[in-house]
1. How about region 189-205: which of its residues are assigned to a helix (DSSP H, G or I) and either touching a strand residue (DSSP E or B) at 6+ places or on another chain (Cβ under 6 Å) or surrounded by fewer than 23 Cβ atoms within 10 Å (Cβ to Cβ) (or both)?
2. So which pairs qualify, if the first residue must be in region 172-191 and at negative phi, the second must be outside any helix (DSSP H, G or I) and surrounded by 24 or more Cβ atoms within 10 Å (Cβ to Cβ), the Cβ gap must be under 6 Å, and the two must be at least 6 apart or on different chains?
3. Hey, can you tell me all the residues within region 199-232 that are over 20 Å from residue 372 (Cβ atoms) and at pLDDT below 85?
4. Could you say which residue among 136, 107 is surrounded by fewer than 17 Cβ atoms within 10 Å (Cβ to Cβ) and in contact with a helix residue (DSSP H, G or I) (Cβ under 7 Å, 6 or more places away or on another chain)?
5. For residue 314, indicate whether it is assigned by TED's automatic domain parsing to the domain that holds residue 124, over 29 Å from residue 219 (Cβ atoms) and assigned to a helix (DSSP H, G or I).
6. Show me the helices (runs of 4 or more DSSP H) entirely contained within region 362-441 in which 3 or more residues are surrounded by fewer than 24 Cβ atoms within 10 Å (Cβ to Cβ) and without any contact (Cβ under 8 Å) to a residue 12 or more places away in the chain.
7. Given the condition closer than 30 Å to residue 66 by Cα, surrounded by 17 or more Cβ atoms within 10 Å (Cβ to Cβ) and at pLDDT below 85, answer yes or no: does some residue in region 249-266 qualify?
8. Given the condition part of a helix (DSSP H, G or I), surrounded by fewer than 17 Cβ atoms within 10 Å (Cβ to Cβ), touching a helix residue (DSSP H, G or I) at 6+ places or on another chain (Cβ under 7 Å) and at pLDDT below 90, answer yes or no: does some residue in region 171-188 qualify?
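The values are calculated or read from the model by the stated rules, or taken from the named source; none is laboratory data. Note that the structure is predicted; figures quoted are calculated from it, not measured. Neighbour counts are summed over all protein chains in view; Cβ atoms, including those assigned to glycine, are modelled from backbone coordinates with ideal geometry.
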């Protein structure tokens, strides 16, 4: 017979383990196997079936006051500071309709407003991930963090006329990878190194991620190398057509590699990732405080994601419409716009989350987010842009500027060298950040490509003939 149940509030409660007092009668009668014994998490909340104890909010539906308070608190103190930028969101949207002639202000306001909107996606994604199995939660959280980037790429493709925005998309693809590998990883190494002499991480995370990055870098390099090798010795229209075809084939192959990687993480080798991430949770300096925090309900997570995605989409549309003005009238170089400005705003939320994890000694979680986001951009997002461009009859290819692709390959090699010993410190972080600053300076002085020079399509019609 079932006796009484008591939810434990001691140290073991942090892992969702409950103490059960089950009285058994003298006749050793067992409880029916189909009966469900309720579980209670660290805060004493009854855990809903299918929800992990760490993500149980103890509530249901939507509670406006709790929703606003929890969202403003966000994931960390840095993320909470970002939320003070929410007052920029309404005027950024309103100004686009009220004063469309104020191009500079529209660009600046929407650029700033994109940051808190993207931050909300990151926070709601993290709250949702906590309710799910660890590996699946990290994969979903990483994918949601990349939604901002996908939205921007799609808006850029839609607004492209005569290939005027294709160079920006190409630069943004590489810029996103560089921002993750150098800037975000650098700040993670630096922040973690300030609190401890060295931080260690597992090879399961670093080796798989770096191997995929090398493969992705090779895949992205092939169309550029093909075009650069044959430029001048083949008719330009035919060369562009063949390069476009190679880019589309390469995109399909990179997509296959991405789905194999996801399957590897979530199905065949998820046990390895689970054990590594569980050890990281035990090392979390803020573990107790994080468990005690109030959490969003499942419904509130979906609602927050809907609000954030709506705002991000609007800001992306308004931002992209002003890019041509910023390049032609304000003299912002194509390379700087795509390589630095766009990736910084789209990756802000992911960077804050990863740096906070490194600060709390969760370097495996930080690397999982950084390398996962980088692999998603290199394998999935870039391929998606090419394939969607194919469907829209746009000459979107992987024929990057030689300057950009050389920087990418060198960044992958440098970061791989830092990851090899499975240790990090603030020196390595500082070097990554300084390299990124140097790239930003070089991209500011890099001239805008002109037809017939470098890896630039001369005519959209010639490129369209390749597919």
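1. If we filter region 189-205 for residues that are assigned to a helix (DSSP H, G or I), which is where we start, we get 189-195, 203-205.
Result: 189, 190, 191, 192, 193, 194, 195, 203, 204.
2. Here the result reads 179/347; 189/424, each pair linking region 172-191 to a residue that is outside any helix (DSSP H, G or I) and surrounded by 24 or more Cβ atoms within 10 Å (Cβ to Cβ).
3. At the first step, the residues of region 199-232 found to be over 20 Å from residue 372 (Cβ atoms) are 221-232.
Within region 199-232, just 232 meets the criteria.
4. Working: 107 fails: surrounded by fewer than 17 Cβ atoms within 10 Å (Cβ to Cβ).
Exactly one residue qualifies, and that residue is 136.
5. Yes, satisfied.
6. Counting at least 3 such residues, we get 402-419.
7. Taking region 249-266 first, the residues closer than 30 Å to residue 66 by Cα are none.
No: region 249-266 contains no residue that is closer than 30 Å to residue 66 by Cα, surrounded by 17 or more Cβ atoms within 10 Å (Cβ to Cβ) and at pLDDT below 85.
8. Quick first cut of region 171-188, residues part of a helix (DSSP H, G or I) only: 171-188.
Pick out the ones that are also surrounded by fewer than 17 Cβ atoms within 10 Å (Cβ to Cβ) and you get none.
There is no residue in region 171-188 that is part of a helix (DSSP H, G or I), surrounded by fewer than 17 Cβ atoms within 10 Å (Cβ to Cβ), touching a helix residue (DSSP H, G or I) at 6+ places or on another chain (Cβ under 7 Å) and at pLDDT below 90.
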